[in-house]
Amino acid sequence: MSAPMLSFERVTYSYPGADAPALSDVSFEIQPGEFCLLAGLSGSGKSTLLNAVSGLVPHFHGGRFAGGVTVAGLDTREHGPARLGAFAGALFQDPETQLVTSSVRAELSLALETRGHGATAVARGVEEVALALGIDNLLDRSNHDLSGGEKQRVALGAALAGRPRIVLLDEPTSQLDPVAGDELIGLLRRLNQEWETTIVLAEHRLERCLTAADRVIALEHGRLACDGEPRAFLQWAARRAPALQTPGAKLFALAGLDPPPVGVRQARTTLRAHGLLTEEDAPARAAAAARTRRRRRRGLALEMRGVWHELRDGPAILRGVTLSVEPGESIALMGRNGAGKSTLLRHAAGLLQPTRGRVQRAGRVALLLQNPGDYFIHERVAQEASAEALAAVGLAEMAERNPRDLSGGERQRLALAIVAGDDDRSAAGPPAVLALDEPTRGMDRESKAELAAELCRRADQGQAVIVATHDPEFAAACARRAILLADGRVIADGPASELLAGGWYFATETARILGGAGGALLPEQGAELLAARAPLEVVL
Amino acid sequence: MRPTSGMLFFYRRIASPLHATRATVAAAWTGSLIAATLILYHPLVLFALLLAVLAAGMGAGVGRQLARSLRTAVIVAVPIVVVNVLVSREGLTVFARLGDLGPFGQGDLTLEAVVYGALIALKVTLLILITTLAGLAVDPDELLRVFRRLSFRSALTATLATRMLPVLAADAQRLGEAQQTRSTGAPSGARARVALLAAVIGGSLDRAMDVAATLEVRGFATAPRAPRLARPISRHDIAFAVSSASIVALAVVGLLTGAASFSAYPRVHMPTSVGTLALCVALMAVVLLPFCDRRGIDP
């Protein structure tokens, strides 16, 4: 057996000033060419573990470090991030801070120049990595002009440019649309198979990448909780950590089927073997074409008519969007990066004015932007929102905490309290429409479920809810209607059970497994469907 | 969401002769404009230079940004004139008397102080416009490569500084936008502004740490000298290099021959000869001629 590419030996690490260690007694080895997935809830230690591999822990962050980490034969206690970077390429969560130059070409070149490559090798390396990642059309663009997803791909290109032997990725698909996310995972798999690059990938949406992985390491409170093949991990998750189950595994567990499927193909094979998947399972009627929906002309919470957003000296971001939203409707706004989702929400909230067309609002449109931290300007939670607003989102107990000390899910709820108001202090009463822009970025499944429940509650109370999201599972959990945007246009608008069941990329895993049958989007709905087909014991 | 606007201007590679010029030559060209601004004092010549810079901005496709910068420069220029009129005691042509100002002496406002203040304001305006033009049209990455060949520490500092500016500008824009969406409306008042500023500064420290971490793992700390780029000398490199040398030469000639001589005190003395007019025309010509050749300028 060859020497391990990565080795952790009884690693315990605490950040400076922290009470509890972020990593506790972690030991494992990863062989060259392995594709390893890191799983765990928010705060379980995934990012810290990746930082320990890149040498940022402890060299950059400080703190107390015990045990040993070896990367490609180099002890991280003796070699810093700069030396380790020659072997380990790293991609962190926020692409904004990972671009250090002004243009894409310079960004990719810098990654090679700092490793001592000559001018010819730099030029060739830049072209190759750009072609591999499909960013060759961006090479001469300014980094300032890139969307979040484009920045993520450029940062990945910079990490891969030097052809590192091990690649560390911390939620690389969090800002990518489902198509780009799948492409990225496919690319990583190709790197892994063709170049034998070792991949260590931390991700919340495990269903996206589980089929590509050879192995899954799960962390709980900084401790190694599971280390095994994907199927063994899913069996462990079913017993010990249901929040880490993939939708497919949950569907099987609810339907009383075993073993849990690692991917859609495996799930379909198993279902077919049990006679639960028949060829006549046609996809639900696809709402592929944009439809003119008959709406009441009165009582709309929001109406957009022929809204255009055209940049001066630039492209049109929205192209004649017409949209009616009724009170109590819950809508998922989906589409690829750059389709115009965020711009549409800004028009709905009045942050932008259409260059053509008009927007009518029945009342206030509360818009929750992508980064909840941008709302926090005070030292105490109680200063950010009223007691009533905090109580409405379940944060009454945390009034004296510093907003920045809250967990990811709690920060999102506090930001929701700030924009929604729900109290007498708000300028125009409770909002008629609550719009959220990518609210689940970086959230684990538990926090997403809590947020989805909160949005459903608000919709039931008569608030219209619009959520721009790349996450079909979240969209299915919180929306009854789905709108697909492409190139600034509405290309599909219909019930979520149709739109999220009939597609491939913009579809939930349950819908893909069941071929869109019955419009079942969530594991619970899928299990009910399966229960109706066979006398299996369904555990609901 | 793509950025649509911002308070700061950033370099973008667009189709213009100046953008098509290598960064070192483009920087030298803007440097020569700065040198001419500092050397020359004749208001007519400086005004000609101002027109030339504005026209150059249009030729480089950044005229709109330069116009916005001009508005900012005027806001800076007006107080310069006012302060000079109030503090200068050198002119002879008094147009208003403020009486005895105690330790500051007689408060006589003079025409010469107005003229000299306007001249300094014109120079400051020019410097602001030229640096804006440089920021918009000179590729900072290419310049940083040159720095990395000369001094690693300088390059590291410059890289962090140039990267943090747009990051912080984006942060400030995002925070401002988020505050507008609060249910209680955007916070107002001095305390709210201080709290917002503290949030931006606090966030900027976190951001700086993240950018520094990225530079660490990219191996910037152990980077060798950047390789020399094998890039052929283009027609635009030659044109702007010749233009740079000509601008400096004309400024020196103007200074030495007296064609650009000017004195504000004790009385305004602004000899305007054929030589002065010729200098104005020549300066405008050498500044703008490189923009006439628009072959091969596409990014």
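Over segment A:37-85, what number does the Rg to Rh ratio reach, with both radii from the alpha-carbon atoms and Rh per Kirkwood? It would help to have the intermediate numbers written out before the result.
On the way: Rg = 11.0 Å, Rh = 11.2 Å.
That ratio equals 0.98.
Tell me, what is the percent relative contact order of chain B, built from C-alpha pairs under 8 Å that lie six or more residues apart? Intermediate results must be reported in sequence, preceding the final value.
Working: 369 pairs, mean separation 103.9, N = 299.
Answer for chain B is 35 percent.
With a cut-off of 8 Å between alpha carbons and a minimum separation of six or more residues, what is the relative contact order of chain A in percent?
Contact order relative to length: 15 percent.
Please give the contour-minus-distance gain from B:ALA96 to B:ILE201: 0.36 nm per residue of separation, less the Cα-Cα distance, rounded to one decimal in nm.
33.2 nm
Working only with C-alpha atoms, what are the Rg and Dmax values of segment A:6-246, expressed in angstrom?
For segment A:6-246, the Cα-based Rg and Dmax read 17.5, 55 Å.
Send over the per residue convex hull volume for chain B, Cα only, as a whole number of Å³. Show your work: numbers first, answer last.
On the way: hull volume 58.5 nm³, N = 299.
It is 196 Å³ per residue.
Percentage of Cα-Cα pair distances in segment B:155-295 greater than 28 Å, rounded to whole percent?
The calculated P(r) of segment B:155-295 puts 60 percent of pairs beyond 28 Å.
Any chance you could list P(r) for segment A:175-256, counting all Cα-Cα pairs in 5 angstrom bins from zero, rounded to whole %?
Each 5 Å bin holds this share of Cα pairs: 3, 14, 23, 22, 18, 14, 5, 1, 0.
Find which of A:GLN235, A:VAL200, A:ALA218 sits farthest along the positive direction of the dipole of segment A:171-237, computed with +1 on the beta-carbon of Lys and Arg, -1 on that of Asp and Glu, about the Cα centre.
Of the options given, the answer is A:GLN235.
Where the centroid of each part is defined by its Cα atoms, how far is segment A:76-152 from segment B:118-145 in Å?
About 29 Å separates the Cα centre of segment A:76-152 from the one of segment B:118-145.
May I ask you to compute the full-extension gain from B:ARG231 to B:ARG295, defined as 0.36 nm times their residue separation minus their alpha-carbon distance, rounded to one decimal in nm?
Working: separation 64, 0.36 × 64 = 23.04 nm, distance 1.74 nm.
The B:ARG231-B:ARG295 span can extend by a further 21.3 nm.
From the P(r) of chain A, can you give the percent of Cα pairs sitting at distances over 34 Å? Provide the component values of the computation, followed by the final result.
Working: 61478 of 145530 pairs.
So the pairs more than 34 Å apart make up 42 percent of the total in chain A.
Hey, in the GNM for chain B with a 10 angstrom Cα cutoff, which one of B:GLY203, B:GLY117, B:GLY59 fluctuates hardest?
Between B:GLY203, B:GLY117, B:GLY59, it is B:GLY203 that shows the largest mean-square fluctuation.
Does anyone have the angle between helix A:178-194 and the longest principal axis of chain A? Alpha-carbon axes, 0 to 90°, nearest 10?
Result, in degrees: 20.
Once the dipole of chain A is set up with Lys and Arg at +1 and Asp and Glu at -1 on Cβ about the Cα centre, which of A:LEU323, A:LEU251, A:GLN463 lies farthest towards its positive end?
So the residue we want is A:LEU323.
Label 7 Å along Cα→Cβ of A:ALA243; segment A:147-181 residues with amide nitrogen under 15 Å?
It comes to no residues whatsoever.
Would you please give the FRET efficiency between B:VAL124 and B:ARG64, computed as 1/(1 + (r/R0)^6) with r the Cβ-Cβ distance and R0 = 22 Å, to the nearest 0.05? Kindly include the intermediate steps, with their values, before the conclusion.
Numbers: r = 21 Å, r/R0 = 0.97.
The value I calculate is 0.55.
Distance from the Cα centre of segment B:205-273 to that of segment A:430-447, in angstrom?
48
Which value in nm describes the separation of the simple spin-label points at A:ASP313 and B:GLN180, placed 7 Å from the Cα toward the beta carbon?
That separation, rounded to one decimal, is 2.1 nm.
Using alpha carbons only, how many angstrom separate the centre of segment A:320-335 from the centre of segment A:495-527?
Taking the Cα centre of segment A:495-527 as reference, the centre of segment A:320-335 is 20 Å away.
For B:ILE75 and B:ALA278, what does the FRET efficiency come to when R0 = 35 Å and r is the distance between their Cβ atoms, rounded to the nearest 0.05? Please list the in-between numbers first.
Working: r = 34 Å, r/R0 = 0.97.
For B:ILE75 and B:ALA278, the calculated efficiency is 0.55.
So for segment A:6-246, taking the charge dipole from beta-carbon charges (+1 Lys/Arg, -1 Asp/Glu), which of A:LEU187, A:GLN98, A:PHE87 sits furthest toward the positive end?
The residue sitting farthest along the positive end of the dipole is A:PHE87.
What are the semi-axes of the equivalent ellipsoid of segment B:66-198, taken as the square roots of 5 times the eigenvalues of the Cα gyration tensor, listed largest first and rounded to whole Å?
Working: eigenvalues 318, 145, 41 Å².
Over the Cα atoms of segment B:66-198, the semi-axes work out to 40, 27, 14 Å.
What is the dipole size for segment A:6-246, taken about its Cα centre, with +1 at each Lys and Arg Cβ and -1 at each Asp and Glu Cβ, in debye to the nearest 20? Each step should come with its number before you reach the end.
Working: 22 positive and 30 negative charges, 80 e Å.
Using only the charged Cβ atoms, the result is roughly 380 debye.
Taking the Cα atoms of segment A:55-122, report the difference between the largest and smallest coordinate on each principal axis, in whole Å and largest first.
Rounded to whole Å, the extents work out to 41, 26, 14 Å.
Of A:GLU113, A:GLU388, A:GLU194, how do they rank once you tally other Cβ atoms within 10 Å and put the fewest first?
A:GLU194, A:GLU388, A:GLU113
Percent relative contact order of segment A:302-530, based on C-alpha pairs within less than 8 angstrom and at least six residues apart?
On the way: 487 pairs, mean separation 54.8, N = 229.
Contact order relative to length: 24 percent.
What is the helix-to-structure angle for A:523-533, meaning the angle in degrees between its Cα long axis and the longest Cα principal axis of chain A, kept from 0 to 90 and rounded to the nearest 10?
80
Would you please give the FRET efficiency between A:SER2 and A:LEU187, computed as 1/(1 + (r/R0)^6) with r the Cβ-Cβ distance and R0 = 22 Å, to the nearest 0.05?
0.35
Give me the net charge of A:THR12's neighbourhood, meaning all other residues with Cβ under 12 Å from the Cβ of A:THR12; Lys, Arg count +1, Asp, Glu -1. Numbers along the way, then the final one.
Values: positive: A:ARG10, A:ARG64, A:ARG223; negative: A:GLU9, A:ASP25.
The answer is +1.
To the nearest 20 Debye, how big is the dipole of segment A:302-530 about its Cα centre, given +1 on the beta carbon of each Lys and Arg and -1 on that of each Asp and Glu? Write out the running numbers ahead of the final one.
Working: 25 positive and 31 negative charges, 188 e Å.
Around 900 debye, computed over segment A:302-530.
Note down the magnitude of the dipole of chain B about its Cα centre, charges +1 on Lys and Arg C-beta and -1 on Asp and Glu C-beta and zero elsewhere, to the nearest 20 debye. Write out the running numbers ahead of the final one.
Details: 28 positive and 15 negative charges, 169 e Å.
My answer is approximately 820 debye.
Which shape class, rounded, prolate or oblate, goes with segment A:302-530 when its Cα gyration tensor gives a ≥ b ≥ c as root eigenvalues, a/c under 1.5 marks rounded, and past that a/b bigger than b/c marks prolate?
Values: a/c = 1.81, a/b = 1.16, b/c = 1.56.
Oblate is the answer for segment A:302-530, as a/c is 1.5 or above yet b/c matches or exceeds a/b.
Please arrange A:VAL325, A:VAL359 by how many other C-beta atoms lie within 10 Å of their C-beta, fewest to most.
On the way: A:VAL325 26, A:VAL359 20.
Lowest to highest Cβ neighbour count: A:VAL359, A:VAL325.
Work out the mean other chain Cβ neighbour count within 10 Å for the residues of A:113-119 and drop it here as an integer. Write down the numbers at each step before the final one.
Values: counts 10, 10, 5, 7, 2, 3, 6.
Mean shielding count: 6.
No lab work stands behind these numbers, since they all come straight from the coordinates. Predicted model, so just to flag it, every value in this text is computed and none were measured. Heads up, the Cβs are rebuilt from the backbone with ideal geometry, glycines too, and the neighbour counts pull from every protein chain shown.
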